[in-house]
Amino acid sequence: MGILSVRQIKVLQAVIVAYIHSGEPVGSRTLSRSSAFQLSPATLRNVMADLEDEGFLCQPHTSAGRIPTDQGFRFYVNNLAGMAAVSPAARLHVREHLEIVGGRLEEVLRDGVLTLAQLTPYVGIVSLPDFRQMIIRHIRFVKLHERRILAVVVSVSGAVQNVLFDSDTNLSQDQLNHSSNYLNALLGDLTLSGIKCKVLQEMASDKRGYDELFKQVLALSKSFFAKDPEQQSDVMLDGKLNLLEHPEFADVERMKNIFRAFEEKGSILRILDGALDGEQLRVIIGSESCCEDMRHCSLVTAEYGREDRTLGQIGVIGPTRMDYSRIIPLVNYIADAMSRRLQN
């Protein structure tokens, strides 16, 4: 790919902006009517042909105008898309529906994804946090049958995870309660892995003299931590019907593929997992997702969490001709609002 001239960049930007707003292929005659160009349709047609040769534009039909490729949209997002300020109406909506006090983690996530679906013509999406990265507030062991035990683990954000495991010894519920109390006294601001390390330090220090209770706790902890909670592989979606408003999704097969990805969720989770690479905000365009069902879509996602850790991603899924200039700042604004609510 060669370096684009100023004229080529100007034409590319004009084609992309026109396509974002109309959803229709853009022809040279349409551009020539714009006051931004003092060029003939023939000259513009040649410039657009050069951009097509470079991979920035394509022609869906022989007699049609041009539309941007994924490469063209990527160039636009990285270099040309000016970021618009979040509108006062959107700020008010976020303040009234998201920046409120309290609520369990699931409620905060649901409010966030619903807010995005209401403020954009796209699908709101949020990934649930990996439970193993959360700060733990409380652990309770419940005897189910002989050595079969249920561990109920509650995070400081209100998320709950149940873990089934088998103990090496047959413990009574009273003994399990004492073990729960001991572990809860260790918690502090620790994740499950942090609690595990703390127990191992206690073992190494021998400060407890290995009394009977401590032996029970160590044996139970060994069995419990051998069965770490699985990652909560799930996402919340809202506003799926918003996609029907866009002409590129009038194709029934294309919509079936996208809705299949929504239902299965695995492909979306893999895309979001790939976005967790330290970037606060990520734009994934078309084929960049490496998901065939989502190749006509773009995702704009931003991290949300607390001051000390990222909990997940929130954003939108829409057509590749997404209004990036408006959506990118809005997604970032809502992610920040969610993080403030979780922090407070």
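The values are calculated or read from the model by the stated rules, or taken from the named source; none is laboratory data. Everything numeric in this text was worked out from a predicted model, so none of it was measured. We place every Cβ from the backbone using ideal geometry, glycine too, and count neighbours over all the protein chains shown.
Determine which single condition Asn332 fails, assuming it passes every other condition in (1) at pLDDT 85 or above; (2) out of contact with any Leu (no Cβ under 6 Å at 6 or more places or on another chain).
Among (1) at pLDDT 85 or above; (2) out of contact with any Leu (no Cβ under 6 Å at 6 or more places or on another chain), the lone unmet condition for Asn332 is (2).
Looking at Ser28, Ser40, Ser32, which one is farther than 24 Å from Lys240 by Cβ, small (Gly, Ala, Ser) and loosely packed, with under 13 Cβ neighbours inside 10 Å?
Details: Ser28 fails: loosely packed, with under 13 Cβ neighbours inside 10 Å; Ser32 fails: loosely packed, with under 13 Cβ neighbours inside 10 Å.
Answer to the check: Ser40.
For region 105-146, what are the residues that are surrounded by fewer than 17 Cβ atoms within 10 Å (Cβ to Cβ), in contact (Cβ under 8 Å) with a residue 24 or more places away in the chain and over 19 Å from the mean Cα position of the chain (by Cα)?
Arg137, His138, Arg140, Val142, Glu146, listed by residue number.
Restrict the check to region 100-116 and report whether at least one residue is of a type in the set (Asp, Glu) and in contact with a helix residue (DSSP H, G or I) (Cβ under 8 Å, 6 or more places away or on another chain).
Looking only at region 100-116, we keep the residues that are of a type in the set (Asp, Glu), and these are 106-107, 111.
Among the residues that remain, those that are also in contact with a helix residue (DSSP H, G or I) (Cβ under 8 Å, 6 or more places away or on another chain) are: 111.
Yes, some residue in region 100-116 is of a type in the set (Asp, Glu) and in contact with a helix residue (DSSP H, G or I) (Cβ under 8 Å, 6 or more places away or on another chain).
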